Every structure is written in C-alpha cells, then in structure tokens.
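Asker: The structure's right below; bear with me while I get my questions together.
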Amino acid sequence: MYVVGQEEIDAIAEVLRSGALFRYGVGGECDRFEERYARYLGCKHFALAASGSNALAAAMIGVGLGPGDEIIIPAHTYMATATSVLAVGAIPVIVDIDETITLDPAAFEAAIGPRTKAVVPVHMWGAACDMAAIMEIATRHNLIVIEDACQGVGGSYEGRKFGTIGHIGAFSFNYYKNMTSGEGGGVSVNDGAVAERVRCAIDPCHFYWHGRNDAVQPFAGNGARASELMGAMLNVQLDRLDGMIAAMRAEKKAILAGVAPLDNLGLRPAPMNSPDHDCSTQVMFTLPSAAAADQFVKIFPAVIAGKTGRHTYTEWDQVLMGAGAAHPQMNPYRMPANAECRRSYSKDMCVRSLGILNRTVMVPTNPRHSRQDIDDIIHNIGAAARIVFAGLSREEAELRSLQPVDAQKFDMKVDA
Ligand SMILES: Cc1ncc(COP(=O)(O)O)c(C=O)c1O
C-alpha cells in the first residue's frame, strides 16, 4: 500500500527545477534519505539502489556469496529472491513455508547441506518471519542471514525493524510497496566494510564520486544507481510511513476482533510471528481447504496467496528450467564451482507449501479505510463465512456493497 500527495509532487518538482538530478556532487536527497532511513531502521548504513532486485544481489555480493554457495530461500516469494541468488553465481535451494506463509524454520534446518552458506527469510506480504528461530538455526550452522524485506517496509519483528535482525537486509520501493519512488530499493547493514562492498556492487564507480576507501578492493559490477528524484520522493514517503503502518495495524486488529466469533464456524486467522509489529498490509485466514478458499473469494473480494502468480516457485520458469544467466558460461547451474550444489527442482518439491498457499486468503488493509469501511469488511467476511461454512444463501447473508481489490493498491491524495 502506498499513498502519494502534493508533497511528493512538490519535492520532485523542486529537484527538477534545481537541475540537480544526479546523486553525487550536486544533489543531497539520496544522501539525506540514506542517513534518515538508516536511523529509522536502527542500523549504521543504508545504500540506495535502483531496485529491490539490485539491492538483494548487492547484499549477497556485500557479504561475499558467490559460486560454490547454496542459499536457502522460501517456496513463496517474488522470483527476484531466487534470481538474485543466480545473479551472484550461487544456487538457490527452495524450501517449504509454514502457515505464517513465511519460511518454515524446520524446513530451513532440514535443508542445510555441506554447501549451504546463507538463508534468505522473506517478510512476505509484510508478515514477519520467525526470526528468533531462524537466527538461532543460522548461528548454530554458521550461516549468513539476508533478510528480504522488500515487502516489509515499515514492519518489525518484536520491535526490531525488518532488515536489521539478520546480517544484512534488502528493501524494494517499487510501485507496490509501503514506500515508493516508482522503482527503487536499498540495503541495510551495520558492518562498514560490507557496506562499502555493497556500494561498489550498486555503483562500481561510486568511489570516484564519494572518495576512495583503500581498505576496500573495488570490483566490476553492474550499475544500479539511484537518482535524486527517487531520493526526494522517498524523503517525503518516509514521513508518511509510520502513520500508514499504524492505521493498517489498527485495521487488522479491528478486523480480527470483529471476526473472532467466526472461529466456531471454521474461519481461522493465519498464525503470525509478530502480529503487533509486522506491517499488517494483509489480514490472513487459513481456510480448511482450497475449495473453501475459492468459494470464499468469489463472495468476498480477497486474494488467495497461492494464486498470485510469480510469488510461488512453480511460476519461476528460469529457475525451474536451469536458465541461470543469459550466457551459458555465466550460468551458475553449469559452473564447475557449483557442481556439488543441489541444482534440480520439480514443480511438486514443495507440495505442502502449495497446499497452505491455496488455503490462505488475504484481505488487504488500507490506511484510508474509514470506520464504516472496516465495519463493512467485517460484516462481509462474516457473510462470506456463513455462506461457505454454514450454507446460507447470498440473500440470507445480506452482503453490503463491496470495493474491488485494488491490484496496485495505489492511493492518490491530490485532486487530479
Ligand atoms: C519479496 C520480494 N523480493 C524482491 C523483490 C524485488 O524488488 P524490485 O521489484 O524492486 O526489483 C520484490 C518486489 O516485488 C519482492 O516482493
């Protein structure tokens, strides 16, 4: 969910008028955002990038991952989590999620092999991973934890901001996220030497603009530099973030309280790892069967987690086909260094995840919802539950007028 208004338009217009669109030398918006967002997160460094995908790859390069390494990722995440692993020459090992629809710690531990070097917990749909369990397992096995917080902007796990609990974190600011600059992303990290490597991965020429640090050996990489337009918009978006998250948390709480009596009928909220601290962009329910979930969303406009296409491993064509790079010699699946990594996948390798995803219904929250909107949502969830579980007819259930689910979750605060 994101909201934009006149403030963003003014901030971008100001940068355009100044002519200072480049982040180094003339502009100050990216520097200001990096410093403010690091403080907001509670980490030492934040490095802006052109996208969340770039940020993930830069984070992996920053901590030294590459050919010969397996990186464990969940079966349910946007495919960039997997393709970023391949972009650095490593191999993604895909494991099950649990009913929180985030990485199952038991599946993670069971999948650790001799080549495993890292794990990527993904705070999917703004919901928190079980970071206590994941960190405990990772520490015991000496693994690096890269938090994919691309969908978790503004969220926390038990009071610590997503992206600051593991060794390094990656964020996206694309059109669908809680804070946006159209496209964009960045990396959060405490270790100064790793931060320098991340900045080199994002912009191999950054030392030219920022001054050379002789302690860090520069290396070649692809450019993914942020612009001042991005920095200017994000500086305004950051001011909105806490208010939006607070409103979504309050809405989630109200909906869960309002539908609690439906538990008797069989409508169960999905278990959550940090319900009072996560982004609360969705209220999730675990239905007893995929058929019940299908029927539910035909009555109440909501989303089945398993039917969001690119977010489940079965849709990651390049990965399933072993097409890990454009050039065959650069394809991690064919690199001699990866010969001992597990490199085969099948569409049914995580059937437990598919079962859970097809039973999980997500009701999006929206910081602009009024109390009346929320009451209507609670009423209609109740009506849908009575139709699905108690066999009521639509007439008997008395549905109120329904808002369609907004695919982009965009909300403009200024008059067009
Ligand atoms: C979980 C997750 N990881 C990574 C990404 C990649 O971010 P971007 O689209 O900014 O490259 C996304 C974006 O949707 C995402 O949702």
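The values are calculated or read from the model by the stated rules, or taken from the named source; none is laboratory data. It should be emphasised that the depicted structure is a prediction, and the values quoted were computed from it without experimental measurement. Virtual Cβ from ideal backbone geometry, glycine too; neighbours counted across all protein chains shown. For the accessible areas, the whole protein counts, side chains as well, though only heavy atoms, and no ligand, DNA or RNA atoms are used. Shrake-Rupley method; radii C 1.70, N 1.55, O 1.52, S 1.80 Å.
Asker: Looking at (1) of a type in the set (S, T, Y); (2) surrounded by 23 or more Cβ atoms within 10 Å (Cβ to Cβ); (3) modelled with pLDDT under 95, can you tell me which one Y24 breaks?
Answerer: For Y24, the failing item is (2).
Asker: Provide a single number: the residues in segment 34-59 that are open to solvent by less than 30 Å² (accessible area, probe 1.4 Å) and away from the ligand (no atom under 16 Å from the Cβ).
Answerer: 4
Asker: Moving on. Out of the residues in segment 89-105 meeting the condition of being assigned to a loop (DSSP other than H, G, I, E, B) and at negative phi, tell me which one is nearest to the ligand (Cβ to nearest atom).
Answerer: T102
Asker: So which residues in segment 312-329 are aliphatic (A, V, I, L, M) and free of Cβ contacts under 8 Å to residues at least 24 places away in the same chain, if there are any at all?
Answerer: M321, A323, A326
Asker: Which of the residues that make up segment 116-129 are within 17 Å of T164 (Cα to Cα) and either of a type in the set (A, V, I, L, M) or surrounded by fewer than 23 Cβ atoms within 10 Å (Cβ to Cβ) (or both)?
Answerer: Of everything in segment 116-129, those that are within 17 Å of T164 (Cα to Cα) and either of a type in the set (A, V, I, L, M) or surrounded by fewer than 23 Cβ atoms within 10 Å (Cβ to Cβ) (or both) turn out to be A118, V119, V120, V122, M124, A127, A128.
Asker: May I ask you to say which residue of G62, G113, G68 is more than 22 Å from L357 (Cβ to Cβ), buried (at least 21 other Cβ atoms within 10 Å of the Cβ), of a type outside the set (S, T, Y) and away from the ligand (no atom under 14 Å from the Cβ)?
Answerer: Only one candidate qualifies: G62.
Asker: Can you name the residue in segment 331-358 that is part of a helix (DSSP H, G or I) and free of Cβ contacts under 8 Å to residues at least 24 places away in the same chain and, of all such residues, is surrounded by the most Cβ atoms within 10 Å (Cβ to Cβ)?
Answerer: Among residues in segment 331-358 that are part of a helix (DSSP H, G or I) and free of Cβ contacts under 8 Å to residues at least 24 places away in the same chain, the one surrounded by the most Cβ atoms within 10 Å (Cβ to Cβ) is R334.
Asker: Let me ask something additional. How about segment 309-323: which of its residues are farther than 22 Å from T360 by Cβ and in contact with a Gly (Cβ under 9 Å, 6 or more places away or on another chain)?
Answerer: Selection gives Q318 alone.
Asker: Can you pull out every residue in segment 44-86 that is in contact with a Phe, Trp or Tyr (Cβ under 7 Å, 6 or more places away or on another chain) and in a helix (DSSP H, G or I)?
Answerer: Across segment 44-86, the qualifying residues are G52, A55, A82.
Asker: Give the residue, chosen from A118, A128, that is within 14 Å of the ligand (Cβ to nearest atom), over 23 Å from G309 (Cβ atoms) and not in a helix (DSSP H, G or I).
Answerer: A128
Asker: Can you tell me which residue among L21, L41, L86, L56 is more than 20 Å from the chain's Cα centre (by Cα) and at negative phi?
Answerer: The conditions single out L21.
Asker: Anything in segment 280-307 that is over 12 Å from W125 (Cβ atoms) and open to solvent by 30 Å² or more (accessible area, probe 1.4 Å)? List them, or say none.
Answerer: Within segment 280-307, P288, S289, A290, A291, D294, Q295, V297, K298, P301, K307 meet the criteria.
Asker: Tell me, yes or no, whether segment 304-311 has at least one residue that is farther than 22 Å from T102 by Cα and either free of Cβ contacts under 8 Å to residues at least 24 places away in the same chain or away from the ligand (no atom under 16 Å from the Cβ) (or both).
Answerer: No, because not a single residue in segment 304-311 is farther than 22 Å from T102 by Cα and either free of Cβ contacts under 8 Å to residues at least 24 places away in the same chain or away from the ligand (no atom under 16 Å from the Cβ) (or both).
Asker: Among the residues of segment 230-240, is any closer than 30 Å to I378 by Cβ and out of contact with any His (no Cβ under 6 Å at 6 or more places or on another chain)?
Answerer: yes
Asker: Can I ask one more? Residue by residue through segment 56-80, note down the ones that are in contact with a Cys (Cβ under 8 Å, 6 or more places away or on another chain) and either under 27 Å from P275 (Cα atoms) or at pLDDT below 95 (or both).
Answerer: Answer for segment 56-80, where residues must be in contact with a Cys (Cβ under 8 Å, 6 or more places away or on another chain) and either under 27 Å from P275 (Cα atoms) or at pLDDT below 95 (or both): L56, A75, Y78, A80.
Asker: Find the strands (runs of 3 or more DSSP E) located wholly in segment 134-240 whose residues include 3 or more that are touching a residue at least 60 places away in the same chain (Cβ under 8 Å), more than 15 Å from the ligand (Cβ to nearest atom) and open to solvent by 60 Å² or more (accessible area, probe 1.4 Å), and list them.
Answerer: Filter on segment 134-240 gives an empty set.
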